[in-house]
Structure formats: C-alpha cells, structure tokens
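Please read the structure below before turning to the comments.
The values are calculated or read from the model by the stated rules, or taken from the named source; none is laboratory data. Note that the structure is predicted; figures quoted are calculated from it, not measured. Because the Cβ atoms are built from the backbone with ideal geometry, glycine has one as well, and the counts that use them run over all protein chains shown. In case anyone asks, the SASA skips ligands and DNA or RNA and just uses the protein heavy atoms, side chains included. Shrake-Rupley method; radii C 1.70, N 1.55, O 1.52, S 1.80 Å.
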Amino acid sequence: AFIHLDSSHVGFEERAQDFEHTARSLGVGVAILEDDRTGSPSSTIDPEWIATQVDRLAALPARPTGVFLPRVSAAGTLYRALRSRGIEPGRDVTVMTCDQDPILSALDPQPATFDVQPDVIGQSAAKLLLWHIQDRAAHVRTNQLIEPLLVEPEVYDTPIKE
C-alpha cells in the first residue's frame with residue numbers, strides 16, 4: 001500500500017505513480033490510499049488523517065503486507081496509528097519510507113528507507129555551477145543522475161542485555 005500524504009506535492013505524486021506502476025509490473029497487488037482532503041492539506045503529518053488511512057488499510061479485503069510512506073517525518077505518526085489498531089510495524093506490516101533522517105533511529109523497529117542523498121545532489125549542483133561560471137563559453141546541457149540508496153534497518157539477532 002502507498003499512503004498518499006499530499007496529492008498536490010509533485011514529488012509525492014510521482015512516487016505514488018511509480019510505486020503503483022512498478023508493483024503492478026511485478027505482479028504485486030497495490031492499494032493507493034489517496035489524499036482525499038479538500039483544498040491544500042495543512043499538514044502532511046495530520047494524526048487524524050493518517051489514522052483514517054490506517055483504518056482504510058485495515059479494512060481492505062486483502063490487508064497489505066507493506067506500506068510505503070513518501071515522507072519519513074510522518075513515520076512516527078503512522079506507527080502510533082498502526083499500533084493503536086493492533087497492527088505491529090515490522091511484524092504485521094513492513095514500513096518503507098523516503099529520506100534518511102535521524103528520526104529513523106527513534107522508531108522501533110526502524111523502517112527501511114530510500115535515501116535520495118540530498119547532500120550528494122547539493123555537492124554535484126555546486127560543482128556543476130562552478131564549472132559553468134569558470135567556463136562561460138561552454139553551454140553544454142548536462143544531465144546527472146544521483147541514484148537513491150536503499151537503507152535497510154539494522155536487525156539484531158540477539159536481544160540487547162541491560
């Protein structure tokens with residue numbers, strides 16, 4: 001399942017479309033829980049709205065085994081909503097999100113995430129800009145692809161002893 005946090009957000013819309021296309025092309029069933037709020041959402045981390053999406057997810061005829069959330073900052077809210085309905089993240093449903101953020105370390109279990117590497121994107125943009133400034137005669141169109149990284153959560157084989 002994909003929880004669509006904000007249908008007016010271009011990046012989230014692209015993530016939803018690509019998620020659905022890729023899953024279907026691999027023969028995997030997909031549920032896109034659309035952002036059905038009217039007007040511009042005041043917050044993509046609205047706990048009541050996310051709780052409603054979890055209710056919709058739980059009511060699906062075939063409950064999804066995984067949930068993709070396009071913003072890591074909403075993951076804690078999603079975990080609370082899942083747990084309050086008896087759905088345990090990491091056991092009953094796998095959670096995946098986007099962006100590498102320190103908030104991940106506070107979640108138990110940690111979700112897998114796609115790190116879009118904004119630091120590498122910024123460094124590449126600065127180098128490209130400097131190159132264009134230094135050689136104004138060069139009007140070469142340049143395309144660079146910064147591949148996102150899949151960051152899998154740490155899994156401990158033995159319990160931590162206090």
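Observations
- The range 49-69 and the range 96-116: distance between their alpha carbon centers, rounded to Å: 19
- Computed FRET value (nearest 0.05) for residue 25 with residue 46, which takes r as the C-beta separation and R₀ as 35 Å: 0.65
- For residue 32, distant residues with modelled amide H under 5 Å away: 2
- Cα long-axis angle, helix 118-134 against the chain (0 to 90 degrees, to the nearest 10): 10
- Percent carbon-and-sulfur accessible area, the range 74-118, ignoring ligands, DNA and RNA, probe 1.4 Å: 51
- Whole-percent pair-distance distribution, where bins are 10 Å wide, for the alpha carbons of the range 1-104: 15, 51, 32, 2
- Gyration tensor (alpha-carbon) shape descriptor, the range 50-153, a/c threshold 1.5: prolate
- Spread of Cα-to-Cα distances over 10 Å intervals beginning at zero, given as percent, for the range 70-115: 30, 59, 11
- Per residue accessible area in Å² of the chain, where ligands, DNA and RNA are left out and the probe is 1.4 Å: 65
- C-alpha long axis of helix 75-84 to longest principal axis of the chain, angle in °: 10
- A DSSP coil position with no more than 14 other Cβ atoms inside 10 Å describes the following trypsin sites (Lys or Arg not before Pro) in the range 107-143: 136, 141.
- Label-point separation, residue 34 to residue 151 (7 Å along Cα→Cβ), nm: 3.3
- Mean separation of Cα contacts under 8 Å, 6 or more apart, over the residue count of the chain: relative contact order %: 18
- Between residue 91 and residue 135, the modelled labels are 5.9 nm apart [label points 7 Å from Cα along Cα→Cβ].
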